[in-house]
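Computed from the coordinates by the stated procedures, all read-outs in this text should not be read as laboratory data. Remember, it's a predicted structure, so these values are computed and weren't measured experimentally. Neighbour counts are summed over all protein chains in view; Cβ atoms, including those assigned to glycine, are modelled from backbone coordinates with ideal geometry.
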Amino acid sequence: MSTEPPFHVVTPPADSPAPPTRRTFIATTTAVGGAAAVGGLAAGSSVFAAEEAVAAQAPPGSHVSLTVNGVRRTLTVDNRTSLLDLLREHLDLTGSKKGCNAGACGACTVLVDGRRVNSCLTLAVRLEGAEVTTIEGLAKGDRLHPLQQAFIDQDAFQCGFCTPGQIVSGVGCIQEGHTGSPEEIREWMSGNLCRCGCYVKIERAVEQAAGRKG
Ligand code: FES
Ligand code: FES
């Protein structure tokens with residue numbers, strides 16, 4: 001019967017480093033973790049620095065003075081502010097609606113110096129000295145503008161979202177003299193979309209206010 005043990009005991013060389021004790025292991029990992037945390041703080045402060053740099057590069061605001069519905073207004077706005085946002089966010093005139101915000105629907109139509117414009121595409125800072133008329137500026141006290149009354153008489157709206165833009169655009173259409181026929185009205189009102197499909201009655205309302213139908 002063999003007297004050899006069932007396994008071999010491997011003895012480390014005399015010059016190999018001593019295996020880590022629990023104390024040395026904790027000390028080592030604490031040091032590494034601390035270094036990582038310091039690195040994290042450094043990264044965080046560089047993020048703050050980057051944000052401050054971006055803020056410093058933000059476009060400055062500009063002063064603009066314009067007359068809105070007969071009232072002189074002077075504001076400081078970001079150079080990128082649209083006339084629509086100036087009206088809605090700065091002057092609390094929320095009648096003009098933000099439909100597409102891209103010049104496609106006409107819900108934001110206002111008059112600038114008597115001309116119809118899509119206020120979502122018009123930079124506010126370019127309107128120094130301009131006269132702006134919004135849906136809020138059409139009635140005279142309790143007396144509705146003739147086109148506002150015509151929209152009621154002709155039942156020319158359903159949800160009403162497009163209606164302020166339709167009415168202001170209709171006022172412009174009448175002032176421009178583009179009301180010679182139903183076809184002409186439809187052509188010159190074609191920039192104002194109505195998802196409820198009230199086009200026939202809108203055209204009749206413009207006709208009524210233009211004096212061709214009572
Ligand atoms: Fe201005 Fe649609 S919101 S055209
Ligand atoms: Fe609803 Fe024109 S009335 S979108």
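Annotations for the structure displayed:
- Protection-proxy order for peptides 125-132, 105-112, 144-151, each taking the mean of Cβ atoms within 10 Å per residue, highest first: 105-112, 144-151, 125-132
- The residues S119, S96, when put in order of fewest to most other Cβ atoms within 10 Å, stand as S96, S119.
- Short-range pairs are left out: with C-alpha atoms under 8 Å and at least six residues apart, the relative contact order of segment 138-214 is 41 percent.
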